[in-house]
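Chemist: Just dropping this structure here.
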Amino acid sequence: MNLDSATIAALAAHLETCEREARDTPKITDEHPGMDWDDAYAIQDEIRRRKESRGHKTVGLKAGLTSFAKMKQMGVTSPVFGFVSDYMSRPDGGEIQTSELIHPKVEAEICIVTKAPLRGPGCHVGAVLAAVDFVVPAVEIIDSRYRDFKFDLKSVVADNTSASRFVVGGRMRDLAELDLRTLGVVLEKNGQIVAMAAGAAVLGHPAAAVAMLANHLGARGQEIPAGTFIMTGGVTEAIAVEAGDAVNVRFQDLGSVSMRFA
Ligand code: OOG
Ligand code: MG
């Protein structure tokens, strides 16, 4: 850790205020170039503590930058982890208010809900598969608080990996009925196909993102509890949206997830 606790608290307050007021900010490593990984996750933890103390429930975990398309789009080389809160959830087919957001983008994500705890180090795809309760599709609406979505990995970790809104939809399925690697995903905006991929785009297998998350938490003495909803990361690059847009994502064997932006 290179930052003191007062600086961590101040940066968490700054980033969370930007989120709540839909204001952007330069990336925080500009002012704090010595910020390390532990500092970045400590800022994210402080944002989580602030939300929970305000009565918001943490309702899921997310992996981000897990697909080559996303890493390439954002110019980074490794995944990051964050959380989602109850107030970020929107119903399938519902409306998302863009006035509450800065510069939203949508991502198609294969999600896993666990039925057993997962703890690293040493967690692997096989261990994750044994702990899957069911698979369900979602669309994540990310909204980096950083100006023009320009950030480095530590800044985006501190900003809770751009978490903003998410829509769980389609239909849940047993893992045994699916091949998560070949599961096709087609993302449509205003009736046009704008991106497509298969599940293997996420680290070769979406369960690998969950294993990485368990190993990341294990290194910090934490685990993924049973019953956790986990978003494994966008399978394609993220697509910018604005008021008036309609998004529909078709997931092979899992139905579709849709929303309108107002
Ligand atoms: C960081 C969050 C990325 C994903 O699924 O890749 C993410 C960002 O690109 O702003 O959630
Ligand atoms: Mg995402």
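Chemist: Within region 62-70, can one find any residue that is assigned to a loop (DSSP other than H, G, I, E, B), surrounded by 14 or more Cβ atoms within 10 Å (Cβ to Cβ), within 13 Å of ligand 1 (Cβ to nearest atom) and modelled with pLDDT of 95 or more?
Modeler: In the first step, residues of region 62-70 are kept if they are assigned to a loop (DSSP other than H, G, I, E, B); the result is 65-66.
So of that shortlist, the ones also surrounded by 14 or more Cβ atoms within 10 Å (Cβ to Cβ) come out as 65-66.
Cutting the leftovers down to within 13 Å of ligand 1 (Cβ to nearest atom) gives us 65-66.
If we keep only those that are modelled with pLDDT of 95 or more too, we end up with 65-66.
Among the residues of region 62-70, at least one is assigned to a loop (DSSP other than H, G, I, E, B), surrounded by 14 or more Cβ atoms within 10 Å (Cβ to Cβ), within 13 Å of ligand 1 (Cβ to nearest atom) and modelled with pLDDT of 95 or more, which makes the answer yes.
Chemist: From the list A209, A238, A243, pick out the single residue that is under 30 Å from A13 (Cα atoms) and touching an Asp or Glu at 6+ places or on another chain (Cβ under 7 Å).
Modeler: A238
Chemist: Further question on the same structure: Of all residues in region 71-87 being in a loop (DSSP other than H, G, I, E, B), surrounded by fewer than 16 Cβ atoms within 10 Å (Cβ to Cβ) and at negative phi, which is modelled with the lowest pLDDT? Can you show your working first?
Modeler: The first filter runs over region 71-87 and keeps only residues in a loop (DSSP other than H, G, I, E, B), leaving 75-79.
Now narrow it down to the ones that are surrounded by fewer than 16 Cβ atoms within 10 Å (Cβ to Cβ): 75, 77-78.
Checking which are at negative phi leaves us with 77-78.
Working: T77: 87, S78: 90.
Ranking the qualifying residues of region 71-87, first place goes to T77.
Chemist: When you look at V136, is it within 16 Å of ligand 1 (Cβ to nearest atom), farther than 18 Å from E21 by Cβ and within 15 Å of the chain's Cα centre (by Cα), yes or no? Break it down into steps so the answer makes sense when it comes.
Modeler: Working: within 16 Å of ligand 1 (Cβ to nearest atom): yes; farther than 18 Å from E21 by Cβ: yes; within 15 Å of the chain's Cα centre (by Cα): yes.
For V136, the condition - within 16 Å of ligand 1 (Cβ to nearest atom), farther than 18 Å from E21 by Cβ and within 15 Å of the chain's Cα centre (by Cα) - is met.
Chemist: Take A211 and tell me if it is more than 16 Å from ligand 2 (Cβ to nearest atom), in a loop (DSSP other than H, G, I, E, B) and among the hydrophobic types (A, V, I, L, M, F, W, C). Working first, answer last.
Modeler: Values: more than 16 Å from ligand 2 (Cβ to nearest atom): yes; in a loop (DSSP other than H, G, I, E, B): no; among the hydrophobic types (A, V, I, L, M, F, W, C): yes.
So A211 fails the test.
Chemist: Of all the residues that make up region 143-172, how many are among the hydrophobic types (A, V, I, L, M, F, W, C) and either over 18 Å from P26 (Cβ atoms) or without any contact (Cβ under 8 Å) to a residue 12 or more places away in the chain (or both)? Even if it seems obvious, please write down each step before you answer.
Modeler: Going residue by residue through region 143-172, those that are among the hydrophobic types (A, V, I, L, M, F, W, C) are 149, 151, 153, 156-158, 163, 166-168, 172.
Those still in the list that are either over 18 Å from P26 (Cβ atoms) or without any contact (Cβ under 8 Å) to a residue 12 or more places away in the chain (or both) too: 163, 166-168, 172.
The number of residues fulfilling the criteria is 5.
Chemist: Scan A158, A200, A176 and give me the residue that is under 30 Å from S99 (Cβ atoms) and either among the small types (G, A, S) or modelled with pLDDT under 95 (or both).
Modeler: Details: A200 fails: under 30 Å from S99 (Cβ atoms); A176 fails: under 30 Å from S99 (Cβ atoms).
That would be A158, the only listed residue that is under 30 Å from S99 (Cβ atoms) and either among the small types (G, A, S) or modelled with pLDDT under 95 (or both).
Chemist: Just need a number here: residues in region 179-196 that are basic (K, R) and in a strand (DSSP E or B). Walk me through it before giving the result.
Modeler: To start, the set of residues in region 179-196 that are basic (K, R) comprises 181, 189.
Among the residues that remain, those that are also in a strand (DSSP E or B) are: 189.
Matching residues across region 179-196 total 1.
Chemist: Taking the condition within 14 Å of ligand 2 (Cβ to nearest atom), polar (S, T, N, Q) and either under 14 Å from A22 (Cβ atoms) or surrounded by 22 or more Cβ atoms within 10 Å (Cβ to Cβ) (or both), does S155 pass? Give the derivation first.
Modeler: On the way: within 14 Å of ligand 2 (Cβ to nearest atom): no; polar (S, T, N, Q): yes; either under 14 Å from A22 (Cβ atoms) or surrounded by 22 or more Cβ atoms within 10 Å (Cβ to Cβ) (or both): yes.
So S155 does not fit the description; no.
Chemist: Select from region 71-98 the residues that are aliphatic (A, V, I, L, M) and more than 11 Å from ligand 1 (Cβ to nearest atom) and write down the one among them that is nearest to the chain's Cα centre (by Cα). Break it down stepwise before answering.
Modeler: Filtering region 71-98 down to residues aliphatic (A, V, I, L, M) leaves 71, 74, 76, 80, 84, 88, 96.
Next cut, more than 11 Å from ligand 1 (Cβ to nearest atom) only: 88, 96.
Numbers: M88: 11, I96: 17 Å.
Step by step, filter region 71-98, then rank; the result is M88.
Chemist: Would you kindly identify the strands (runs of 3 or more DSSP E) lying entirely within region 217-262 that contain at least 2 residues that are of a type outside the set (S, T, N, Q), at pLDDT below 95 and buried (at least 19 other Cβ atoms within 10 Å of the Cβ)? Even if it seems obvious, please write down each step before you answer.
Modeler: Numbers: elements: 229-234, 246-251, 255-261.
Qualifying strands (runs of 3 or more DSSP E): none found.
The values are calculated or read from the model by the stated rules, or taken from the named source; none is laboratory data. What you see is a predicted model; the values in this text were computed from it and never measured. Neighbour counts run over all protein chains shown; Cβ positions are idealised from the backbone, glycine included.
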